[in-house]
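Scroll down for the structure; my scribbles are underneath it.
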2 protein chains.
Amino acid sequence: MGFQLKNIVSFHIGGRNVSLSGRQKELRRLAQGGTPREIDPNGDYQFGQMYVQGYLQENPRHQLPVMLWHGGGMTGVNWETTPDGRPGWLHHFLGAGYDVYICDAVERGRSGWNAFPDIYADAPLFRTKNEAWDMFRLGPKDGYHTDPALRTSHPEMLFPLDSFDQFACQWVPRWADHELMTMSAYGALLERTGPAIVIGHSQGGGFALRAALEFPHLVAATVALEPSGAPNREWLAGKSHPHLIMWGDQIQSHAIWAGYRKTVESHVAQLRGLKTTVDVIDLPAEGIRGNTHFLMMDSNAEALANRVIAWLGSAAL
Amino acid sequence: MGFQLKNIVSFHIGGRNVSLSGRQKELRRLAQGGTPREIDPNGDYQFGQMYVQGYLQENPRHQLPVMLWHGGGMTGVNWETTPDGRPGWLHHFLGAGYDVYICDAVERGRSGWNAFPDIYADAPLFRTKNEAWDMFRLGPKDGYHTDPALRTSHPEMLFPLDSFDQFACQWVPRWADHELMTMSAYGALLERTGPAIVIGHSQGGGFALRAALEFPHLVAATVALEPSGAPNREWLAGKSHPHLIMWGDQIQSHAIWAGYRKTVESHVAQLRGLKTTVDVIDLPAEGIRGNTHFLMMDSNAEALANRVIAWLGSAAL
């Protein structure tokens, strides 16, 4: 392996100033061996910015960069490594000759977050391992147990189950109803980089589907891995660029996921009605069983990345 | 420039499971276009893990890797770029032939954080731009103004003042009194990588000084940039490896910083009393005026990195 990089860049994009006033001061000790000092919460804060890291190759083999947008309650780490330490999709797309940008969506990871209810309206949500076991479709609703030896998974499971607790290290709190703030930062990123291939997973897949319509001049191809939602009709306007959507296993047996998929399929029908090419890879329909919601972490993650890379090569970009 | 990397690795280290019970369920809408669903906060969460990204060179020119540990309310981004987009110390140490590890300390950035008061005892602290202007020693206590044109800075200022709001994009909330949790993750990291050169800034400088004593077999050299604290006497035990400490400008005129420095200087005296080599670079004493608390972001950041690189070369590692 090995990567000849021209540069590794990182920056924050988007965001604005917000001011707080009328809040009480407090005494807090902050430094090792230090004494308590007064903390005044009144003043200015940055709000709504997004962290981006770009891996720019010495000799990229493609003109368009790839953007990897993670899902809800996650960060860009999802793309850097699998929980059992295999290379992530970052490495597969670098290996395929693409420049790659990885984001931490607004309010997650290195993007930082703001006080609630002072600046954010609501408290965040923290995902339990119990819920993730079900929602990520690793096993039945009550299949999680604190003791790994007592966990029940779906048959033919392709997720590295022994690394599920390691995977939980990647999770971060999330807020509901922050989609507009996040989309606005993704738009600012596309404005900065220029046209790109956008690959999104879960909530990020929904953002990728929306970016395709909201920023049509800046997105050359859209890949949505298990999108958990789709944009409103308002964004639909004529033919768009090629789309690829990929689904794992155990969706129809999961009421919430069956519902999310129905929403996405109705969006796909509308795109196709407007002559947009939408290819769908339904893995279990091909006889590939056991993929979870985290296609980029399952044991066949590299093969799935290569499916996307081949599709990008065949799509007329 | 350009970097021939053998691999870019990332992982989470440390951490354990914690369980919550007896909390109320709530209804929340999470997916774009989705319907509200029940969220159950009861169950298992990961706690205390730390995110690490490693840049491993095809042909490192040194056996020991460099670790860059950021300060309080920050993330590893501090080392990746300056707010005005110049290369960070990451690039300077890669350019000098070192493998480099950058961490997001526990509870910050990609390390994630836990619910309070359920798991963390206290609420976090959010740093205002107003406080940072003073505490980072960019200007007088009341020198900050929302309008950049109305801000008052210290004379001969070397921080890229036009990018102060961009710098604020890098800040994240922090908790007081989490030092032990953080040190334990840093220790686990050193156990994993083996002996390393530890470079810490501010709170991270205090952690670096403590790691030197708590994990003496795993730290080959300690560089503390403007450490905001020092470990307790309990950790002092005989001669240690070489230390370098670097200070910027405007410290004696700032009561809190003068106090922090006093704590560190008493630690230095104790180290020297035990025959440990401690070199101190006091920039204003050398006639170099205008450095702030963020030495790795000031306009002479590259020259200061080269000072550290030269010191590492001269220290018998």
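The values are calculated or read from the model by the stated rules, or taken from the named source; none is laboratory data. Everything quoted here is computed from the prediction, not taken from an experiment. Cβ atoms come from the backbone with ideal geometry, glycine included; neighbour counts cover every protein chain shown. The area values use the complete protein model at the heavy-atom level, side chains included, leaving out ligands, DNA and RNA. Shrake-Rupley method; radii C 1.70, N 1.55, O 1.52, S 1.80 Å.
Consider the stretch A:219-239 and keep the residues that are farther than 22 Å from A:PHE159 by Cβ and not in a loop (DSSP other than H, G, I, E, B). The one that is nearest to the chain's Cα centre (by Cα) is A:THR222.
Out of all the residues in the stretch A:187-200, is one or more closer than 30 Å to A:GLY313 by Cα and touching a Lys or Arg at 6+ places or on another chain (Cβ under 8 Å)? No, every residue in the stretch A:187-200 fails to be closer than 30 Å to A:GLY313 by Cα and touching a Lys or Arg at 6+ places or on another chain (Cβ under 8 Å).
Inside the stretch A:52-83, can you point out the residues that are more than 10 Å from chain B (Cβ to nearest Cβ), open to solvent by less than 20 Å² (accessible area, probe 1.4 Å) and either touching a Pro at 6+ places or on another chain (Cβ under 8 Å) or part of a strand (DSSP E or B) (or both)? Once the filter is applied, which keeps residues that are more than 10 Å from chain B (Cβ to nearest Cβ), open to solvent by less than 20 Å² (accessible area, probe 1.4 Å) and either touching a Pro at 6+ places or on another chain (Cβ under 8 Å) or part of a strand (DSSP E or B) (or both), the stretch A:52-83 yields A:VAL52, A:GLY54, A:VAL66, A:MET67, A:LEU68, A:TRP69, A:THR82. Summed over the stretch A:271-317, residues that are among the β-branched types (Val, Ile, Thr) and assigned to a helix (DSSP H, G or I) total 2. Does B:THR182 meet the test of being hydroxyl-bearing (Ser, Thr, Tyr) and closer than 16 Å to B:GLY76 by Cβ? Against the criterion (hydroxyl-bearing (Ser, Thr, Tyr) and closer than 16 Å to B:GLY76 by Cβ), B:THR182 qualifies. The set of residues in the stretch B:159-168 that are more than 9 Å from chain A (Cβ to nearest Cβ) and open to solvent by 40 Å² or more (accessible area, probe 1.4 Å) comprises B:LEU161, B:ASP162.
For every residue, the table says whether it meets (1) under 22 Å from B:PHE294 (Cα atoms); (2) touching a helix residue (DSSP H, G or I) at 6+ places or on another chain (Cβ under 8 Å).
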residue: B:ARG110; (1), (2): yes, yes
residue: B:PHE116; (1), (2): no, no
residue: B:TYR120; (1), (2): no, no
residue: B:LYS141; (1), (2): yes, yes
residue: B:ALA149; (1), (2): yes, no
residue: B:GLU156; (1), (2): yes, no
residue: B:LEU161; (1), (2): yes, yes
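Quick check: is even one residue across the stretch A:239-259 in contact with a Ser or Thr (Cβ under 9 Å, 6 or more places away or on another chain), open to solvent by 30 Å² or more (accessible area, probe 1.4 Å) and polar (S, T, N, Q)? Looking for residues that are in contact with a Ser or Thr (Cβ under 9 Å, 6 or more places away or on another chain), open to solvent by 30 Å² or more (accessible area, probe 1.4 Å) and polar (S, T, N, Q), one finds at least one in the stretch A:239-259, hence yes. The condition (being touching a strand residue (DSSP E or B) at 6+ places or on another chain (Cβ under 7 Å), at pLDDT 95 or above and either crowded, with 24+ Cβ neighbours inside 10 Å or not acidic (Asp, Glu) (or both)) is satisfied by just one residue among B:GLY95, B:GLY48, B:GLY112: B:GLY48.
If the condition is being in contact (Cβ under 8 Å) with a residue 12 or more places away in the chain and out of contact with any Pro (no Cβ under 6 Å at 6 or more places or on another chain), then the stretch B:175-187 contributes B:ALA176, B:ASP177, B:HIS178, B:GLU179, B:MET181, B:THR182, B:MET183, B:SER184, B:ALA185, B:TYR186, B:GLY187.
Among the residues of the stretch B:25-33, not a single one is at the interface with chain A (Cβ under 10 Å from one of its Cβ atoms) and either more than 30 Å from A:ARG127 (Cβ to Cβ) or in contact (Cβ under 8 Å) with a residue 40 or more places away in the chain (or both). Under the condition of being more than 12 Å from chain B (Cβ to nearest Cβ) and out of contact with any strand residue (DSSP E or B) (no Cβ under 7 Å at 6 or more places or on another chain), the residues counted in the stretch A:228-253 number 11. Each residue in the stretch B:240-270 was checked for being part of a strand (DSSP E or B) and among the hydrophobic types (A, V, I, L, M, F, W, C), and 4 pass.
Determine, yes or no, whether B:ARG86 is within 23 Å of B:VAL223 (Cα to Cα), among the charged types (D, E, K, R), more than 7 Å from chain A (Cβ to nearest Cβ) and in contact (Cβ under 8 Å) with a residue 60 or more places away in the chain. For B:ARG86, the condition - within 23 Å of B:VAL223 (Cα to Cα), among the charged types (D, E, K, R), more than 7 Å from chain A (Cβ to nearest Cβ) and in contact (Cβ under 8 Å) with a residue 60 or more places away in the chain - is met.
Given the conditions (1) free of Cβ contacts under 8 Å to residues at least 40 places away in the same chain; (2) touching a Ser or Thr at 6+ places or on another chain (Cβ under 8 Å); (3) within 14 Å of another protein chain (Cβ to nearest Cβ), which single one is not true for A:LEU150? Here A:LEU150 clears every test but (2). So for the stretch A:290-312 (the condition being among the hydroxyl-bearing types (Ser, Thr, Tyr) and open to solvent by less than 50 Å² (accessible area, probe 1.4 Å)), does at least one residue qualify? Looking through the stretch A:290-312, at least one residue is among the hydroxyl-bearing types (Ser, Thr, Tyr) and open to solvent by less than 50 Å² (accessible area, probe 1.4 Å).
Return a yes/no flag: does the stretch A:38-50 have any residue that is in a strand (DSSP E or B), more than 7 Å from chain B (Cβ to nearest Cβ) and in contact (Cβ under 8 Å) with a residue 24 or more places away in the chain. Yes: the stretch A:38-50 contains one or more residues that are in a strand (DSSP E or B), more than 7 Å from chain B (Cβ to nearest Cβ) and in contact (Cβ under 8 Å) with a residue 24 or more places away in the chain. The residues of the stretch A:191-208 that are among the hydrophobic types (A, V, I, L, M, F, W, C) and either without any contact (Cβ under 8 Å) to a residue 60 or more places away in the chain or within 14 Å of chain B (Cβ to nearest Cβ) (or both), listed by number, are A:PHE207, A:ALA208.
Does the stretch A:1-19 contain any residue that is of a type in the set (A, V, I, L, M), part of a loop (DSSP other than H, G, I, E, B), at the interface with chain B (Cβ under 9 Å from one of its Cβ atoms) and surrounded by fewer than 21 Cβ atoms within 10 Å (Cβ to Cβ)? The answer is yes, given that some residue of the stretch A:1-19 is of a type in the set (A, V, I, L, M), part of a loop (DSSP other than H, G, I, E, B), at the interface with chain B (Cβ under 9 Å from one of its Cβ atoms) and surrounded by fewer than 21 Cβ atoms within 10 Å (Cβ to Cβ).
Against the conditions (1) modelled with pLDDT under 95; (2) in a strand (DSSP E or B), B:ILE199 satisfies every one except (1). Considering the conditions (1) open to solvent by 20 Å² or more (accessible area, probe 1.4 Å); (2) within 14 Å of chain B (Cβ to nearest Cβ); (3) modelled with pLDDT under 95, A:ALA176 is excluded by exactly one of them, (1).
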